[in-house]
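> Just dropping this structure here.
The values are calculated or read from the model by the stated rules, or taken from the named source; none is laboratory data. Since we're looking at a predicted model, the values are computed, not measured. Neighbour counts are summed over all protein chains in view; Cβ atoms, including those assigned to glycine, are modelled from backbone coordinates with ideal geometry.
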Amino acid sequence: MLYLKTFIGIIFQVTLFGLFLLLPAPNWYWPDAFIWLVFYFLLNLITSFWICAYYPESMEARLESDFKKQPKNDKIATAIIIIGIALALNMIAVDVFYLNIFEAPKEGSHLLGLAIFTLGYVIILFTMIQNEFAQSVVNIQDERDQVLVDTGLYSFIRHPMYTGFMFFISGMALWLGSLFMATLGTLLLMCAFIPRMIIEEKTLANELEGYEDYLKRVKYRLLPKIF
């Protein structure tokens, strides 16, 4: 059942990404987008099934949809994130086909974009492996005896999942040919995650043992020595 739910989740996610990318395009003949979607689907499928086999609790946490202790204000933050991601994907196509805000990336930038995207995906993957309580929303998991995770990536930054997603989007945008979304656009997208980070930290500080001290030890949210 876990494998089936995971497969359905991957299909749903890749389909949404594809729609958000392709709908603003003048036509659906966008080879770079289809290559990326196929690559992402295969990468996601292989690594997700691997997590199902070796870290099933982590995958179950990511697939959870019944969030019993999600703060009300986090529902608003979640909506902001979803809208921000949708607009970011739309904006990649708009910039590539219509605006060209920055000059077109130089030859070879596709491979650099793919490398940055893969780095972001690996950070997300390691976050899931190292934190079996990492869910898509803020939700204290008392039924699973949630404990503080402060090792691995979490010993350097508080929100490695969002860091990984930042590189994920930046690399994808560079692969697709939008230098604007690969740079400034990605930074603007990260602003959509700030309300979530604030809510998450406040909730965990109040309800998860040891998290308040963790905030004092680990100063940076996304990038060590920067933010």
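> What tally of residues in the range 107-140 results from selecting those that are more than 20 Å from residue 81 (Cβ to Cβ), part of a loop (DSSP other than H, G, I, E, B) and touching a residue at least 60 places away in the same chain (Cβ under 8 Å)?
Residues meeting the conditions: 1.
> If you don't mind, another one. Residues to consider are 182, 173; find the one that is in contact with a Pro (Cβ under 9 Å, 6 or more places away or on another chain), at pLDDT 95 or above and under 28 Å from residue 35 (Cα atoms).
Exactly one of 182, 173 is in contact with a Pro (Cβ under 9 Å, 6 or more places away or on another chain), at pLDDT 95 or above and under 28 Å from residue 35 (Cα atoms), namely 182.
> Still on this structure: Inside the range 191-213, can you point out the residues that are touching a Leu at 6+ places or on another chain (Cβ under 6 Å) and among the aromatic types (Phe, Trp, Tyr)?
Within the range 191-213, just 211 meets the criteria.
Listed here are the residues, each with its yes/no results for (1) within 16 Å of the chain's Cα centre (by Cα); (2) of a type outside the set (Phe, Trp, Tyr).
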{"residue": "148", "(1), (2)": "no, yes"}
{"residue": "155", "(1), (2)": "no, yes"}
{"residue": "160", "(1), (2)": "yes, yes"}
{"residue": "164", "(1), (2)": "yes, yes"}
{"residue": "193", "(1), (2)": "yes, no"}
{"residue": "205", "(1), (2)": "no, yes"}
{"residue": "209", "(1), (2)": "no, yes"}
{"residue": "217", "(1), (2)": "no, yes"}
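> Residues of the range 13-31 being more than 19 Å from the chain's Cα centre (by Cα) and surrounded by 15 or more Cβ atoms within 10 Å (Cβ to Cβ), which ones?
Hits for the range 13-31 are 22, 24, 25, 30.
> Could you give every pair whose Cβ atoms fall below 8 Å, whose first residue belongs to the range 201-227 and is touching a residue at least 60 places away in the same chain (Cβ under 8 Å), and whose second residue is among the small types (Gly, Ala, Ser), counting only separations of at least 6 or pairs across chains?
Here the result reads 211/205; 218/155, each pair linking the range 201-227 to a residue that is among the small types (Gly, Ala, Ser).
> Additional query: Could you give every pair whose Cβ atoms fall below 8 Å, whose first residue belongs to the range 83-102 and is closer than 9 Å to residue 25 by Cα, and whose second residue is polar (S, T, N, Q) and not in a helix (DSSP H, G or I), counting only separations of at least 6 or pairs across chains?
Close Cβ pairs (under 8 Å, with a partner that is polar (S, T, N, Q) and not in a helix (DSSP H, G or I)) amount to 96/178.
> Of all residues in the range 1-37, how many are aliphatic (A, V, I, L, M), assigned to a loop (DSSP other than H, G, I, E, B) and touching a residue at least 40 places away in the same chain (Cβ under 8 Å)?
2
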